[in-house]
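The values are calculated or read from the model by the stated rules, or taken from the named source; none is laboratory data. Remember, it's a predicted structure, so these values are computed and weren't measured experimentally. Note: ideal-geometry Cβ built from the backbone for every residue, glycine included; neighbour counts use all protein chains shown.
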Amino acid sequence: MTDWIEVLRAPVEHDLGPFSRFLHSQGIETYIFERSGSQCLCVLSGSDLALLHQLIAQWNSGDIDVLLYRDPISQLPDVPAPTVFAQWRYFPLTLVLLFFSSLTFVMVSTTWGESLGGVQWLASMTLQQLVIEGENFQLLAELPGIGQGWRYWTPIFLHFSWLHIIFNGLMLLEMGRRIEVAQGSQRLLFLVMACALLSNLVQFYVDPDNLFGGMSGVIYALAGYCWLYQRQCPDAGIDMPKGFMMMALLWLVLCMSGLITMAGLGKIANAAHIGGLLSGLVLGWLLVLLDKRFP
């Protein structure tokens, strides 16, 4: 697990980018993110903290003119603090999930993908059994056997419209990267695998005769996990945006009301949303207890 330690906090209008590059030149890996209206500079837990605090003191006193520091390789002019996408190497698993979701959307829901065998792709990723008959297919309310066990998880990569993939992709990036940066890729992988399985099975048993897919069950699980973990461990570094959980719950109620389906945005897998949210809350509670007992 990658552990980061916050060592410096500054107002958002202050540019920590040059100082971060200076620390990199001294062999200190850094990560910058925004929290509660401030910029936070973190370093890996194994960094030389004595050297780091000395450099911070020199920077605060003006003894190190980091504003004039330039990357010796690129010699680029000073730039603002890194954006989310500039820090991609800190949340690789989140980006891998986004990639496979996008690839599956192209294969299943676009004309180009259909010409490459999109129906077969779809049949290999649904939880229910699909029987292909020419250009048509029949849905069977049967769970896959052991030989196709991956299909218990792959429905999370299925998206059936541009709005579906864009919305879920943005929410996954928002939640996934926070967990991965603060607690590591292994923690995020465990949450996704566990909650994807539970939310998919809940949706299947509630509505086995309808095809479903999407990352939203996992997203609700990650939102529930982030909300609970942050409340119990405010300094964990997840820093879930204020109001995000309220927005997610309002959207859940709106979907359950049937208004979203009536508006022509498709049938909503509400059972997957609820199953994901509850599994995220339960796992958040259990992992808080474990992390406090075995820090």
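So that you can scan it fast, the table gives a plain yes or no per residue for (1) out of contact with any Phe, Trp or Tyr (no Cβ under 7 Å at 6 or more places or on another chain); (2) assigned to a loop (DSSP other than H, G, I, E, B); (3) more than 22 Å from L103 (Cα to Cα); (4) not aliphatic (A, V, I, L, M):
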{"site": "M175", "(1), (2), (3), (4)": "yes, no, no, no"}
{"site": "L189", "(1), (2), (3), (4)": "yes, no, no, no"}
{"site": "F204", "(1), (2), (3), (4)": "yes, no, yes, yes"}
{"site": "N210", "(1), (2), (3), (4)": "yes, yes, yes, yes"}
{"site": "G217", "(1), (2), (3), (4)": "yes, no, no, yes"}
{"site": "A223", "(1), (2), (3), (4)": "no, no, yes, no"}
{"site": "C226", "(1), (2), (3), (4)": "yes, no, yes, yes"}
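Looking at the range 259-272, is at least one residue loosely packed, with under 15 Cβ neighbours inside 10 Å, free of Cβ contacts under 8 Å to residues at least 12 places away in the same chain, of a type in the set (V, I, T) and on the phi < 0 side of the Ramachandran plot? Yes, the conditions are met somewhere in the range 259-272. Residue selection: P18 satisfies the criterion of being in contact with a Leu (Cβ under 6 Å, 6 or more places away or on another chain), touching a residue at least 24 places away in the same chain (Cβ under 8 Å) and under 20 Å from Q58 (Cα atoms).
Could you check L8 against (1) at pLDDT 80 or above; (2) at positive phi and say which number it fails? Answer for L8: the failing condition is (2). Just wondering, is there one or more residues in the range 151-164 that are surrounded by fewer than 17 Cβ atoms within 10 Å (Cβ to Cβ), more than 29 Å from W4 (Cβ to Cβ), in the same structural domain as L130 (by TED's automatic domain parsing) and of a type in the set (D, E, K, R)? No, because not a single residue in the range 151-164 is surrounded by fewer than 17 Cβ atoms within 10 Å (Cβ to Cβ), more than 29 Å from W4 (Cβ to Cβ), in the same structural domain as L130 (by TED's automatic domain parsing) and of a type in the set (D, E, K, R). Of all the residues in the range 21-48, those that are under 17 Å from W59 (Cα atoms) and among the aromatic types (F, W, Y) number 1. Within the option set M256, M240, M246, being loosely packed, with under 12 Cβ neighbours inside 10 Å and of a type in the set (A, V, I, L, M) holds for one residue only, M246.
Exactly one residue out of G184, G169 is under 23 Å from the mean Cα position of the chain (by Cα), surrounded by 14 or more Cβ atoms within 10 Å (Cβ to Cβ) and closer than 21 Å to A271 by Cα: that is G169.
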